[in-house]
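Have a look at the structure below before the remarks.
The values are calculated or read from the model by the stated rules, or taken from the named source; none is laboratory data. Just so it is clear, the model here is predicted, and its values are computed rather than measured. We place every Cβ from the backbone using ideal geometry, glycine too, and count neighbours over all the protein chains shown. Heads up: the accessible areas ignore ligands, DNA and RNA and are worked out on the full protein's heavy atoms, side chains in. Shrake-Rupley method; radii C 1.70, N 1.55, O 1.52, S 1.80 Å.
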Amino acid sequence: ASASWLYHLLLRLCSLLALDRIVHNTHMQPLAALGNLCTASLLLTIDLIHSAIRGALLFAVDLIDVATGSGKNTGRKKLGWHEQRYATSPVFSDEGGYEALDSAATLATSTFPIGPEELMAKAKRVLAAEFGTKAGADPAALLSDDFQFVAPIVGPLSRAEFVRAFGSFKLKEAFPDLRDKSWFAVDPLEPNRVWFFSRAEATHTGTLHFGGRAIAATHKVVRSPPQAQSLLFDREGKVYTLTVGYCMDKRIGNTEGLGGVFAYLKAVGQPLPVKEGQRLYTPSVRFEALERLGKCAEGLGD
C-alpha cells in the first residue's frame, strides 16, 4: 500500500515539474498539454482515493472470509485450473526466410493416443450434444469427472455447475437460427487440445433464460466477434477442460468484444450490470491518466 502511495506521489511530482516546460515550449500546443496534465492529476487523485477505500474494504472482506470460510472460487480467489498434460517437440521449417512451426511434423512427435482427425471428430460430437445438455445426451459420457469450464471471467466451474448453468440458458430455443460458423484445428504443441474458432451469428426470436430472468424475444441479431475456444481431451477421449469466449478482434460484431453468453446478453440489450458485462475492456482511471501524461510528454518533444 505504501509503495502505491509513493508511486502516485512521484507521478504527480513529475507532472508538476514538467509544467514549466509545457508553458515555455513553443513547438507544441500548450493549452492541450496543460489540459492533459490537469486532467491526469484529477484522474490520479480519483484513483488514489478509490485505491485507499478499496484496499481497506478488501482487507475487511478477507478477514470475513478467513473467519467464515466464505469466498471460495469467487473473484479474487479462483480455484486453480488444470496444468498442461501433453506436449510435443516443435519442428520448424524455413518458409520464405521465416522460421515457421511445421504443424504436421510437430504433431508426428505426439505421444497422445488419439490422432488429430479422430480428436476433431470427437470435438464435433461434443458440440453437437451441447456438452451433454441436449435431450438424450449424457454429460458423464462426454465430460470427465474432473472437468473444468474456464472462460475469461467465469470459471473454473465443475461439470455439475457447468451443465446446470449451460442447460438453463436454452440458447437454441432463444436463437433457433444460431450458427457458430466454427472451424477446427488440433494444437500441434498440445496434441490433446482441439481449437475451434467461431464467428457466431443468431437472431433472438425465442426466450433467453439467464440468472432467473426470462428475456423475451427482441428480434435483434447477435454478431459475436471471432472467438478462440478449445476442448482438451484425456486419454479416454473425455473432455476435461472447455475454454470459450476469448475474443480475437473486438472491432468485429455488435457485442463490443464480449464472447460467450455475455455476448448474447449484450447484443439483445440486456447486458450484465457490471463492467465485465459491458464490453471487453473498460480502461481504469489510472490507465487513462497515464495515457494523458504520455500525450503531455509527446507534446513536450525532445
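Rounded to the nearest 0.05, the FRET efficiency derived from the C-beta distance between L31 and E288 at R0 = 30 Å is 0.95. Of the whole protein surface, E118 contributes about 100 Å² of accessible area at a 1.4 Å probe radius.
Taking Lys and Arg as +1 and Asp and Glu as -1, the other residues whose beta-carbon sits under 14 Å from that of L189 total -1. Compared with the dominant Cα axis of the chain, that is its longest principal axis, helix 2-17 is turned about 50°.
Divided by 2.2 N^0.38 Å, where N counts the residues, the Cα radius of gyration of the chain comes to 1.28.
How much accessible area per residue does region 25-117 have, in Å², with a 1.4 Å probe? Could the numbers behind the result be given before it?
Values: 6450 Å² over 93 residues.
Counting only protein heavy atoms, the per-residue value for region 25-117 is 69 Å².
Quick one: angle between helix 285-300 and the longest Cα principal axis of the chain, in degrees between 0 and 90, rounded to 10, please. That helix lies at roughly 50 degrees to the long axis.
Here the scattering of region 179-237 is modelled by Debye summation over its C-alpha atoms, one equal scatterer each and no solvent; at q = 0.31 Å⁻¹ the log10 of I(q)/I(0) is -1.15.
Among T45, T241, T111, the sequence by solvent-accessible area, most first, with a 1.4 Å probe is T111, T45, T241.
Net charge dipole, region 195-280: roughly 220 debye, given to the nearest 20, about the Cα centre with Cβ charges of +1 for Lys and Arg and -1 for Asp and Glu.
3J(HN,Hα) couplings calculated from phi for region 155-170 with the Karplus curve 6.51 cos²θ - 1.76 cosθ + 1.60 (θ = phi - 60°) are, in sequence order, x, x, 10, 6, 4, 4, 5, 5, 4, 5, 6, 5, x, 7, 5, 6 Hz; Gly and Pro show x. Expressed as a whole percent, the accessible area of the chain that falls on carbon and sulfur atoms is 60 (1.4 Å probe).
Give, as a single signed number, the net charge of other residues whose beta carbon lies under 13 Å from the beta carbon of C247, with Lys and Arg counted +1 and Asp and Glu -1. Write out the running numbers ahead of the final one.
On the way: positive: R199, R223, K250, R251, K266, R279; negative: D249, E256, E276.
In short, +3.
Candidate cross-link partners of K181 among the lysines, defined by an alpha-carbon separation under 16 Å and a same-chain spacing of 8 or more, comprise K124, K172. Straightening the chain between A160 and K220 buys 18.5 nm, computed as 0.36 nm per residue apart minus the Cα-Cα spacing.
With viscosity set to 0.692 mPa s and temperature to 37 °C, compute the Stokes-Einstein D of region 80-221, Rh being the Kirkwood radius across alpha carbon pairs; µm²/s, no decimals. Spell out each step's value before the answer.
Numbers: Rh = 17.6 Å.
Reported coefficient: 186 µm²/s.
A cut-off under 12 angstrom between Cβ atoms defines the neighbours of G71, and their net charge, with Lys, Arg +1 and Asp, Glu -1, is +2.
Who wins for biggest fluctuation among G167, G257, G96 in a Gaussian network model of the chain, springs between alpha carbons below 10 Å? Greatest mean-square fluctuation among the candidates belongs to G96.
Over all alpha-carbon pairs in region 101-179, figure out the percentage whose distance exceeds 22 Å. All intermediate terms of the calculation are to be shown ahead of the outcome.
Details: 1230 of 3081 pairs.
For region 101-179, the share of Cα pairs beyond 22 Å comes to 40 percent.
Accessible surface computed residue by residue for region 200-284, with neighbouring protein chains in place and a 1.4 Å probe, gives 45 Å² per residue. Given a 1.4 Å probe and the protein chains as shown, R279 ends up with an accessible area of around 80 Å².
Our note on the geometry: Cα centres of region 105-156 and region 67-98, 17 Å apart.
For K172 and K78, the FRET efficiency from 1/(1 + (r/R0)^6), where r spans their Cβ atoms and R0 equals 25 Å, is about 0.30.
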